[in-house]
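The values are calculated or read from the model by the stated rules, or taken from the named source; none is laboratory data. Keep in mind that this is a model prediction, so the values were computed, not measured. Cβ placement follows ideal geometry from the backbone for every residue including glycine, while neighbour counts extend to all protein chains displayed. Remember, those area values only see protein heavy atoms, side chains included, never the ligands or the DNA or RNA. Shrake-Rupley method; radii C 1.70, N 1.55, O 1.52, S 1.80 Å.
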Amino acid sequence: MSITWSYVLVGFIVGTCMAYSGVGAGAITTPLLIFLGVRTDTAIGSDLLFALGTKIVASLAHLQKRTIQWSVLWRLSIGGLPGAIVGVIISAYLHKHMDVKQLEGVLRIAVAVALLLSATGIILNRKLAGDVAPHGNGLPTARLGIIGFFVGLCVSITSIGAGSLTLPLLLVVAPMVALRRLVGTDLAFAVVVLVPSLIGHLKIGDVNPTISASLLIGSIPGVFVGSYFVTKLPERWFRGALAGVLVVVALALLPILPHAKG
């Protein structure tokens, strides 16, 4: 029971951070589960299920408010869907051709790299876009597709990137789109890539529904706490501190790798 409550606590922390800063769940959830002793592949798979549940709810809210930019979403999706599928294929290959220790080592490297990329994204995510809903003709289709593929691949292999990578990249590639529309589009795109990623990991067998449910239970009160503090504390300090923590966690994962290959 104490282990289950540990997962609930992780969910609470993740829910608070998401509501306060908008940082994606994967960048926080997966490393916390790893440090609680969950196998890296199980942490990734379980986080995908948890993330999908939270992203669907958030996307429905943005859909109701009409803050999803469909012209951006489909461009991301044409790269994101194949990216997620390729990620599942890579994950399945790793599971099939490596023993448990080797798999743990490779996945830890992938998670550490994704955390460093997420930390960079969090630091750069300060630019505000204009309040314009552009027509599709002015959007860079190829670059959005490449971003989609990269994020889909990253999410499918590590569960990290749906929130912490997509939005900063969109702010650079599509600065003419309103920030609120980019946030809504980011959430909707997360659902697009999480669905095939989760299906693949369910077939691989590294999803633990009990862990995901415990995370979800903890995240609900966490969202309310984060929503309360969003007007009380300076977000700039929090995001900077969080980026620093992600870097430290990423570096802490790496020294374990040589032992994972023996």
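Being in a helix (DSSP H, G or I), surrounded by fewer than 21 Cβ atoms within 10 Å (Cβ to Cβ) and at pLDDT below 90 is the filter here, so list the residues in the stretch 33-51 that pass it.
Taking the stretch 33-51 first, the residues in a helix (DSSP H, G or I) are 33-35, 40-51.
Filter again for surrounded by fewer than 21 Cβ atoms within 10 Å (Cβ to Cβ), leaving 35, 42.
Passing the criteria: only Phe35.
Please verify whether Val191 is modelled with pLDDT of 90 or more, under 13 Å from Lys55 (Cβ atoms) and open to solvent by 50 Å² or more (accessible area, probe 1.4 Å), treating the condition exactly as stated. No: the conditions fail for Val191. A count restricted to the stretch 136-174 and to residues that are part of a helix (DSSP H, G or I), among the hydroxyl-bearing types (Ser, Thr, Tyr) and closer than 18 Å to Thr120 by Cβ stands at 2. Among the residues of the stretch 12-30, is there at least one that is in contact with a Lys or Arg (Cβ under 6 Å, 6 or more places away or on another chain), modelled with pLDDT under 85, crowded, with 24+ Cβ neighbours inside 10 Å and of a type in the set (Val, Ile, Thr)? The answer is no, given that none of the residues of the stretch 12-30 is in contact with a Lys or Arg (Cβ under 6 Å, 6 or more places away or on another chain), modelled with pLDDT under 85, crowded, with 24+ Cβ neighbours inside 10 Å and of a type in the set (Val, Ile, Thr). Check the stretch 92-101 and report whether any residue there is surrounded by 18 or more Cβ atoms within 10 Å (Cβ to Cβ) and in contact (Cβ under 8 Å) with a residue 60 or more places away in the chain. No: zero hits. Just one of (1) surrounded by fewer than 17 Cβ atoms within 10 Å (Cβ to Cβ); (2) out of contact with any Lys or Arg (no Cβ under 8 Å at 6 or more places or on another chain) fails for Ser59. It is (1). A search for C-beta distances below 7 Å between a residue of the stretch 102-118 that is under 12 Å from Pro31 (Cβ atoms) and open to solvent by 10 Å² or more (accessible area, probe 1.4 Å) and any residue that is of a type in the set (A, V, I, L, M) and modelled with pLDDT under 85, counting only pairs 6+ apart in sequence or on different chains, returns Arg108/Leu253; Arg108/Ile256; Arg108/Leu257; Arg108/Ala260; Leu116/Val247; Leu116/Ala250.
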